[in-house]
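Q: The structure's right below; bear with me while I get my questions together.
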Amino acid sequence: MQGIPMSVTDTHVDIGYVDRHFDAAFQNELGPTWSLLDNNGHTHVVTYNMDTVNPRITNGWGQMRNIYPERLNDSHISFDYVGNNNFHITIYFGACSQERRESFIYDGTNYPDTSLFSVKLTKSQARGSHLDLQIAFGNLIRSKGLTQVMLLGQKDGVMCSVLVSVTRNSTKFGKGWKEFCTEYGLKEGDVLVFEVNNLGNDILVEVYINGCPCTVIHPISV
């Protein structure tokens, strides 16, 4: 099981900002205490605030600067989730520009204007012709009056029909779902996070597969 929450440090406060896409993907199993293992075998225990809107690492984060002097100043860190609140971490040098850092922190400190919904695919969902949506997800799509959406992954977008049953109070992604699964080679166990704009009738639904998108450059050996 893997996921990559992006964490950016802020030199002014002893917290790490965690990408909320990761929280959305694994919130049902994440606890308040995380164990972080670096590539030199050092283990660090930190506290996670369990906040789905503004997820952050709090206690223990500031102490890591004593172990990696100056390397955590405005750094970009990837977390490889291995289950049971255990992570392998890699620190990246030069991957967090001032612009990206400010954008990340802005997103982490302002109420989001999008909603996130996660699905861990079953075999039938990964191979089937449709995807049944969770109630809250379906209600948001239905409230927009959409008959189709554009599922947008990292490679390309796929137009997908929206099937609504009033009697069953259900909403599905229909025609196009199988094409999307094939395009991205989806399989049982893959975790998808769907991001939907809360405002307007935008048909775009961004899809993050097994973590959140990132661009990484030059890992630091720690």
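Q: Take the residues of the stretch 186-199 that are open to solvent by less than 50 Å² (accessible area, probe 1.4 Å) and not in a strand (DSSP E or B): which is farthest from I135 (Cα to Cα)?
A: L186
Q: Then there is this: Test L131 against the criterion of being over 19 Å from the mean Cα position of the chain (by Cα) and of a type outside the set (G, A, S), and give yes or no.
A: Criteria met by L131.
Q: Please specify each residue of the stretch 20-40 satisfying the condition of being open to solvent by 40 Å² or more (accessible area, probe 1.4 Å) and acidic (D, E).
A: Across the stretch 20-40, the qualifying residue is only E29.
Q: Working only within the stretch 155-171, note down all residues that are touching a strand residue (DSSP E or B) at 6+ places or on another chain (Cβ under 7 Å) and open to solvent by less than 50 Å² (accessible area, probe 1.4 Å).
A: Listed by number, the residues that qualify are G157, V158, C160, S161, V162, S170, T171.
Q: If you don't mind, there's one more thing I want to ask. Would you mind stating whether I77 is modelled with pLDDT under 90, crowded, with 16+ Cβ neighbours inside 10 Å and of a type in the set (A, V, I, L, M)?
A: The answer is yes for I77.
Q: Within the stretch 144-164, which residues are closer than 15 Å to L192 by Cβ and not in a strand (DSSP E or B)?
A: Residues satisfying the conditions are G153, Q154, K155.
The values are calculated or read from the model by the stated rules, or taken from the named source; none is laboratory data. Everything quoted here is computed from the prediction, not taken from an experiment. Glycine gets a Cβ as well: all are built from the backbone with ideal geometry, and neighbour counts include every protein chain shown. Keep in mind that these areas ignore ligands, DNA and RNA; they rest on the heavy atoms of the full protein, side chains included. Shrake-Rupley method; radii C 1.70, N 1.55, O 1.52, S 1.80 Å.
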